[in-house]
Amino acid sequence: MSLQMVSTISNPSLLQPGFSLLNFDGHVLFFGQKGWPKRSCPTGVFLLDIKQNEIKMKPAFFSKDSCYLPPLRYPAICTLRSDARADEYQYIIHGGKTPNNDLSDKIYFMSLVSKTSKKTTLQCTEKDLGGDVPEARYGHTINVVHSRGRSMSVLFGGRSYTPLAQRTTEKWNSVVDCLPSVFLIDFEFGCCTSYILPELQDGLSFHVSIARGDTIYILGGHSLQNNSRSPNLYKLKIDLPLGSPAVACTILPGGIPVSSAIVTQISDTEFVLVGGYHSDNQKRLACNTIVLEDSKIEIVESVSPEWTPDIKHCRMWFGCDMGKGSVLLGIPGASKQIIPDANYFYILRCKGAEEHNEELITQICSQTSSEDPGDATPFEDSEEFYFSAEANTFDADDADTYNEDDEEDESETGYWITCCASCNIDINTWVPFYSTELNKPAMILCSSGAGHWVHAQCMDLSETMLLQLSEANVKYFCNEHVDLNKGLQTPQKVVSLKKPPMKPLRKKKTMKLSTSTKKFFLRRLFE
């Protein structure tokens with residue numbers, strides 16, 4: 001095994017625990033950023049470019065007939081093919097957390113429409129289901145099984161919020177284990193059926209599942225109720241006759257009590273198990289080889305890589321399968337980095353990673369865990385960093401590389417400012433308040449001084465008042481400046497009285513006298 005450090009040079013703050021990778025014909029796509037998408041990439045999906053030990057991201061686009069797909073963190077993802085040997089496939093995405101920390105219960109199908117050097121176009125559709133629909137959750141797994149010429153999806157595990165009827169003020173957003181039900185989903189008819197199996201007693205999350213043919217193997221996982229990691233190895237066998245499906249569970253020996261482990265496939269029958277946690281405070285640095293032959297599974301310990309001191313001494317780690325024997329591992333960065341929230345990443349290449357390039361039809365679904373710094377639940381079960389694709393390099397033009405530095409820093413300017421002392425608008429928790437809002441909060445300009453923008457919701461403005469202020473040509477003062485300007489009214493304009501113009505004096509008309517007349521008047525004057 002070889003371990004190589006990689007750097008994120010264009011947008012390190014997007015690479016946070018909880019996102020996923022999708023692989024379409026060697027093109028790896030990033031999905032599930034923390035926070036709502038920005039203008040440079042409104043879809044929140046990026047083409048991932050790993051080249052010369054550097055990670056870059058280029059915005060991807062959705063077709064016009066696509067539905068809206070929110071950035072979901074810690075969802076369950078797997079590929080869906082018409083049959084086990086089909087070349088064309090699409091991804092199934094279920095559950096996960098939205099940027100507002102709401103849990104999703106929706107199922108999406110994502111497929112690649114076109115790929116050029118300049119533009120990647122995807123299609124996303126939402127699937128409606130009936131019957132025993134799984135509740136909203138995260139940290140679970142989904143796989144596709146094939147039996148008797150039919151295919152179905154199998155969903156298991158995960159966590160959800162405490163039911164509304166059981167919530168208290170102190171534990172309003174606390175999470176609990178989902179019931180240990182196995183859900184069989186038939187996408188052809190859009191129906192779900194749940195099965196309760198006596199062998200599955202505890203709810204599990206952040207476990208590993210491997211699907212092969214009509215069989216799914218479930219390894220490890222954490223139970224919140226017992227605060228334990230399951231030492232059992234479960235074998236689910238799904239029979240799909242023309243009538244009702246049959247689901248059987250068997251507990252096999254040789255399991256490993258681990259959570260948040262990562263599985264990567266190095267050959268048609270061999271897998272490598274990497275990472276995870278033995279307990280809340282103990283990472284699992286050992287590696288194992290898993291061999292599947294016919295209906296048998298064998299797990300043996302293998303040689304571990306030479307871990308770096310940073311990996312050995314860090315409190316937590318995370319990562320997931322990149323395909324073809326490669327694993328992406330991440331550890332938290334230093335607290336005094338130039339770029340906050342940035343992590344350090346390594347690519348672990350297992351033996352045979354470059355030798356086995358044939359199409360691998362066995363499905364792997366694992367949920368790996370890492371705690372968000374502010375979401376402190378038990379150490380290991382924090383939140384998961386999920387990958388389900390392989391690493392690859394691209395020769396596309398770098399001109400379209402997404403650069404987060406080109407974005408306006410909306411945490412300090414724009415819509416996500418702290419507009420006043422009592423401002424409670426946060427980019428990660430905000431939800432629309434007015435009917436006119438879509439993905440940004442409504443703002444209004446305060447005319448005090450040079451003027452500044454404030455959130456209408458923080459000013460306690462009703463929607464009617466907000467509309468009136470936006471339509472009227474009047475000055476508005478925020479709550480902090482309204483008292484200062486209460487007595488300062490714009491003086492009324494004094495209308496000057498217009499004096500009527502004086503009429504010019506009319507010149508007296510003079511009579512022009514003849515010479516004889518003048519002599520006559522002169523004689524009379526001297527007589």
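Full-extension gain between ASN226 and SER267, please, as 0.36 nm times their residue separation minus the C-alpha to C-alpha distance.
Going from the current span to full extension adds 11.2 nm.
For the pair LEU164/LEU3, report the inter-label distance in nm, with labels modelled 7 Å from Cα in the Cβ direction.
It is 4.8 nm.
Under a plain spin-label model, where a point goes 7 Å from the Cα along Cα-to-Cβ, how far apart in nm are LYS475 and CYS249?
Rounded to a tenth, the inter-label distance reads 7.0 nm.
Please compute the contact order of region 2-349 in relative form: average sequence separation of alpha-carbon pairs under 8 Å and at least six residues apart, divided by the residue count, as a percent.
Worked out over region 2-349, it gives 12 percent.
Which FRET efficiency value, to the nearest 0.05, is calculated for ALA421 and SER40 with the Förster distance at 35 angstrom and r the Cβ-Cβ distance?
With a Förster radius of 35 Å, E is 0.65.
Please tell me which of these pairs span more than 29 angstrom C-alpha to C-alpha: LYS115/LYS296; LYS118/LYS351; LYS106/LYS235; LYS64/LYS440; LYS237/LYS312?
LYS115/LYS296; LYS118/LYS351; LYS237/LYS312
What residues from region 225-261 fall in the zone where the backbone N is under 16 Å from a label point 7 Å along the Cα-to-C-beta line of GLU199?
Of the residues in region 225-261, 230-240, 246-256 have backbone N under 16 Å from the label point off GLU199.
Which value, in Å² and to the nearest 10, is the accessible area of HIS278 when all protein chains are kept and the probe is 1.4 Å?
For HIS278, the solvent-accessible surface is approximately 80 Å².
Quick one: accessible surface of GLU480, probe radius 1.4 Å, all protein chains present, in square angstrom to the nearest 10.
Answer for GLU480: close to 100 Å² accessible.
Given a 1.4 angstrom probe, what's the average accessible area per residue across region 2-349, in square angstrom?
About 42 Å² of surface per residue is accessible.
Roughly speaking, what is the stretch gain from THR121 to GLU54, that is 0.36 nm per residue apart minus the C-alpha to C-alpha distance, in nm to one decimal?
Net length gain for the segment: 21.8 nm.
Pull out the extension gain between PHE189 and GLU463, defined as 0.36 nm times the separation in residues minus the alpha carbon to alpha carbon distance; nm, one decimal.
Value of the extension gain: 94.3 nm.
Please compute, for the alpha-carbon atoms of region 2-349, the extent along each of the three principal axes and give them in descending order in Å.
Principal-axis extents of region 2-349 (Cα, largest first): 58, 51, 48 Å.
Would you calculate the separation in nanometres between label points at LEU285 and VAL482, each defined as 7 Å from the Cα along the Cα-to-beta-carbon direction?
Distance between the two pseudo-spin positions: 6.2 nm.
Excluding ligands and nucleic acids, what accessible area in Å² is computed for ASP280 using a 1.4 Å probe, to the nearest 10?
Near enough 40 Å² of accessible area.
The values are calculated or read from the model by the stated rules, or taken from the named source; none is laboratory data. Just so we're clear, the structure is a prediction, and the values are computed from it rather than from any experiment. Every residue, glycine as well, gets a Cβ built from its backbone with ideal geometry; the counts of neighbours run over all protein chains shown. These area figures cover heavy atoms from the full protein model, side chains too; ligands, DNA and RNA do not enter into them. Shrake-Rupley method; radii C 1.70, N 1.55, O 1.52, S 1.80 Å.
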